Amino acid sequence: MEEKNALDKLRNGEKVLCPKCGKAFLKPYGTTCDKAHTFDCPECDFYTHYHAEIEIE
Ligand SMILES: [Zn+2]
């Protein structure tokens with residue numbers, strides 16, 4: 001899905017425009033891009049979770 005693509009980009013440090021409002025770039029919540037599991041939009045209430053498969057070893 002498109003959302004999954006966006007998350008991959010976010011994790012790579014690319015800027016991704018909010019798919020909901022289109023006014024702002026999504027930003028990682030509480031940490032850096034490569035570590036964040038949640039990204040949210042500063043302009044609206046959109047947020048998304050990254051379903052990581054790398055967490056537990
Ligand atoms: Zn937004």
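The values are calculated or read from the model by the stated rules, or taken from the named source; none is laboratory data. Just so it is clear, the model here is predicted, and its values are computed rather than measured. Note that each Cβ is placed from the backbone with ideal geometry, even for glycine, and that neighbours are counted across all protein chains shown.
Being charged (D, E, K, R), under 10 Å from Thr48 (Cβ atoms) and assigned to a loop (DSSP other than H, G, I, E, B) is the filter here; which residues of the range 3-37 pass it?
The answer is Lys20, and nothing else.
Restricting to the range 29-57, give me the number of residues that are modelled with pLDDT of 90 or more, surrounded by 12 or more Cβ atoms within 10 Å (Cβ to Cβ) and not aromatic (Phe, Trp, Tyr).
5
Mind checking which residues of the range 9-30 are within 13 Å of the ligand (Cβ to nearest atom), under 10 Å from the mean Cα position of the chain (by Cα) and in contact (Cβ under 8 Å) with a residue 24 or more places away in the chain?
Passing the criteria: only Cys18.
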